[in-house]
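This report refers to the structure that appears directly beneath it.
Values in this text are rule-based calculations from the coordinates and carry no lab data. None of these values were measured; they are calculated from a predicted model. Positions of Cβ are generated from backbone atoms using ideal geometry, with glycine treated the same way; all protein chains shown enter the neighbour counts.
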Amino acid sequence: MKKPVIKIENLEKSFGKGQAKTRVLKGIDLDIFPGEFVIIFGPSGCGKSTLLNTIVGLEKPTSGKVFLKGADVYLLKDDERSTLRHNHFGIVYQQANWIQSLNILENVAFPLNIGGYTYLRSLTRSRNALTLFNLDKFSKNRPTELSGGQQQKVATVRALISNPEIILADEPTGNLDKISSDDLMYVFKSLNEEFKRTIVMVTHNPEYEKFASKLVFMEDGKIKEVRLVREVALSPNLESRDIIMGS
Ligand SMILES: Nc1ncnc2c1ncn2[C@@H]1O[C@H](COP(=O)(O)OP(=O)(O)OP(=O)(O)O)[C@@H](O)[C@H]1O
Ligand SMILES: [Mg+2]
């Protein structure tokens, strides 16, 4: 029996109270299996980012459940939930939230520091990662000195730095021109196919359908359709190769 790595059950999320209450997620059920490349489509405001935030433990649902590898994410204590997030997820946010007082290299290294790397080891690994993606020339820059597209690429490197098994990306190509977008999509394709990482991505670009193994169409807080494009062959031992070092 296939076991989902992420299981979402009857998820509801509302913001505000009383008259001002907005129901954003209206009963979402979704299974995501290891090795899948899931693309979520849907009009602006339909709840895609809210859904991703709920999956990674950042937005407590009003009701319903999120399971990560069988663990009920919102039954965990706050610190356990943060640890789970750091250990399993690489997240490319819709808006990169930089620490403005740190340079690019230090920003990329930051998740490693939290994860227990020494300062020096975290910098070495981050330098390697930036070089791998040809972004090392920005190491000493402050985040605001980069274009939107350059920031998006660095945000992707930051998401990969802890060698996560699941990568969530919220419109990662949103600020990029066509060539850079295509480049980045091939990075995600390689993460999925060669490194066997599970990917959950939001995009508005229908051209990228071809990368997905499963398409999820959302509308007004609900899933309108799930289309399985291809079955993912599951191996019991998913790749544990290091995304940055390649071995
Ligand atoms: N923290 C919040 N407080 C109040 N309302 C919120 C909050 N976060 C999201 N919303 C509302 O929930 C709805 C869905 O927002 P969400 O960001 O999930 O949409 P989206 O599908 O990601 O849209 P887009 O494609 O524009 O990024 C919107 O109406 C938004 O205003
Ligand atoms: Mg969004």
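Taking amide H atoms as placed 1.01 Å from N in the peptide plane, the amide H of G42 lies under 5 Å from those of M218, each 5 or more residues away in sequence or on another chain. Within the chain, antiparallel bridges make up roughly 55 percent of the DSSP beta bridges whose residues both belong there. Taking Cβ atoms as reference points and 13 Å as the exclusive limit, the residues near D72 contribute a net charge of +4, counting Lys and Arg as +1 and Asp and Glu as -1.
Rounded, prolate or oblate: which one fits region 62-115, using the alpha carbon gyration tensor with axes a ≥ b ≥ c (rounded when a/c is under 1.5, else prolate when a/b beats b/c, else oblate)?
Details: a/c = 2.80, a/b = 2.10, b/c = 1.34.
Taking the square roots of the gyration eigenvalues as a ≥ b ≥ c, region 62-115 is prolate.
Taking amide H positions as modeled 1.01 Å from N, with prolines and chain starts lacking one, the residues under 5 Å from G64 and 5 or more places away or on another chain are E12.
All C-alpha pair distances within region 156-207, sorted into 10 Å bins from zero, spread as 24, 59, 17 percent across the bins.
Just add up the charged neighbours of R127: K/R +1, D/E -1, any other residue whose Cβ is under 14 Å from the Cβ of R127.
Details: positive: R121, R125, K137, K140, R158; negative: E106, D136.
Charge balance in the 14 Å sphere: +3.
So for region 152-247, Kirkwood radius off the Cα pairs, Stokes-Einstein at 20 °C and 1.002 mPa s: how many µm² s⁻¹?
Taking Rh from Cα pairs, D becomes 148 µm²/s.
The fewest-to-most ranking of M185, M201, M1 by surrounding Cβ atoms within 10 Å reads M1, M185, M201. A viscosity of 1.567 mPa s and a temperature of 4 °C, combined with the Kirkwood radius over C-alpha pairs in the Stokes-Einstein formula, give region 6-228 a diffusion coefficient of 72 µm²/s.
Taking a straight line from the alpha carbon of K189, these lysines sit under 24 Å away, with near neighbours fewer than eight places off in the same chain left out: K2, K3, K7, K48, K69, K153, K178, K210, K214. Between region 208-223 and region 53-80, the C-alpha centres lie 22 angstrom from each other. The listed peptides 3-10, 37-44, 168-175, 145-152, ordered by packing as a protection proxy, come out as 168-175, 37-44, 3-10, 145-152 (highest mean of other Cβ atoms within 10 Å first).
The phi-based Karplus calculation (6.51 cos²θ - 1.76 cosθ + 1.60; θ = phi - 60°) puts the 3J(HN,Hα) values of region 200-209 at 10, 10, 9, 8, 9, 9, x, 4, 8, 3 Hz, whole numbers, x for Gly and Pro. Residue-wise HN-Hα couplings along region 128-137, as the Karplus relation 6.51 cos²θ - 1.76 cosθ + 1.60 with θ = phi - 60° gives them from phi, are 4, 5, 5, 5, 3, 9, 6, 10, 5, 5 Hz; Gly and Pro carry x. Close amide-amide hydrogen proximity is noted between V24 and K13, S14, F15, each under 5 Å apart and 5 or more residues distant or on a separate chain (H modeled in the peptide plane; Pro and chain starts excluded). Partners of K60 within straight-line reach, counting aspartates and glutamates whose Cα lies under 17 Å from its Cα and excluding those fewer than 8 residues away in the same chain: E9, E12, D29, D72, D78, D79, E80.
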